[in-house]
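Here is the structure we will look at, set down as structure tokens.
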Ligand code: DC
């Protein structure tokens, strides 16, 4: 059976990971959440006090890069991969607001991107992979057979992330979540290295008014047309 590479890009909380997981499960492909990798580096940066009030000590972070090991390990009982930072499971920690507020800044550092992009490309050498992020169809896998670009209004996205955070017991306001989303949109799409934009050959999916099932059926038909 022919295996392809599926690249999913888009602004934060557009449902990229939900769709990517559904596809990976259906096709028996590997799923990689590239945002989790940037989040793990952001967590390291916070742990080492290399960032304070969004002011990042870029020089020190670059020096630390060789000692930052980001890996994934499959958790049989969760039926999902979990992310590890230097051998420690940080799957929950990387979703905190603190990490969310630091990550876009960390992701602007070209040396960080080079290290993570190399890892991501390695994971995709055998195809049969679904990866989501901001530069997957443009930088990581420019030759991906299927590229999707996900969109939804900022309000819809903030509501989704807010519900997720409240559901996991995080004390947060809707206003803080909306502010985080709009400021990340801005940073992600205006940074110099690998800004978020829709690849010319990517297919746009606006899911503001699509149910998960409707979206999945639509995308599955696209996948089938490539196989
Ligand atoms: O998908 P996410 O919200 O977990 O991503 C976290 C941050 O990581 C996001 O603000 C931008 C950055 N990111 C990136 O620059 N490139 C990627 N391929 C994935 C994420």
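Here are some notes:
- The mean sequence separation of alpha-carbon pairs under 8 Å and at least six residues apart, normalised by the residue count of the chain, gives a relative contact order of 33 percent.
- Order of 6, 181 under a 10 Å beta carbon neighbour criterion, fewest first: 181, 6
- The Cα center of segment 1-71 and the Cα center of segment 175-196 differ in position by 15 Å.
- Paramagnetic label zone (point 7 Å from Cα along Cα-to-C-beta, residue 18; backbone N under 17 Å) in segment 49-91: none
- Exposure proxy shown here: for 145, 111, the number of other Cβ atoms within 10 Å sets the order, fewest to most, as 111, 145.
- If a spin label sat at a point 7 angstrom from the Cα of residue 225 along the line to its beta carbon, the backbone N atoms of segment 133-152 nearer than 17 Å would be those of 144-150.
- DSSP beta bridges in the chain [antiparallel fraction, %, rounded to 5]: 35 percent
- Percent of Cα pairs exceeding the 22 Å cut-off, where the set is segment 140-223: 42 percent
- Translational diffusion of the chain, µm² s⁻¹ [Kirkwood Rh, Cα pairs; Stokes-Einstein; 20 °C; 1.002 mPa s]: 119 µm²/s
- The fewest-to-most ranking of 53, 163, 185 by surrounding Cβ atoms within 10 Å reads 53, 163, 185.
- Here r is the Cβ-Cβ distance between residue 201 and residue 49 and R0 is 45 Å; the resulting FRET efficiency, rounded to 0.05, is 0.60.
- In this structure, residue 183 and residue 1 have a Cβ-Cβ separation that, at R0 = 35 Å, corresponds to a calculated FRET efficiency of about 0.25.
- Between the Cα long axis of helix 174-190 and the first principal axis of the chain there is an angle of about 80°, rounded to the nearest 10.
- Estimated [θ] at 222 nm from DSSP helical runs (n ≥ 4, -39500 (n - 2.57)) normalised by residues in the chain, nearest 500: -14500 deg cm²/dmol
- Label positions at residue 156 and residue 210, each projected 7 Å from the Cα along the C-beta direction, are separated by 0.9 nm.
- Hypothetical label at residue 62: residues of segment 177-196 whose amide nitrogen lies under 15 Å (7 Å Cα-Cβ projection): 193
Readers should treat all values here as calculations from the given coordinates under stated rules, not as data from a laboratory. None of the values given here were measured: they were computed from a predicted structure. As a convention, Cβ positions derive from the backbone with ideal geometry for all residues, glycine included, and neighbour counts pool all protein chains shown.
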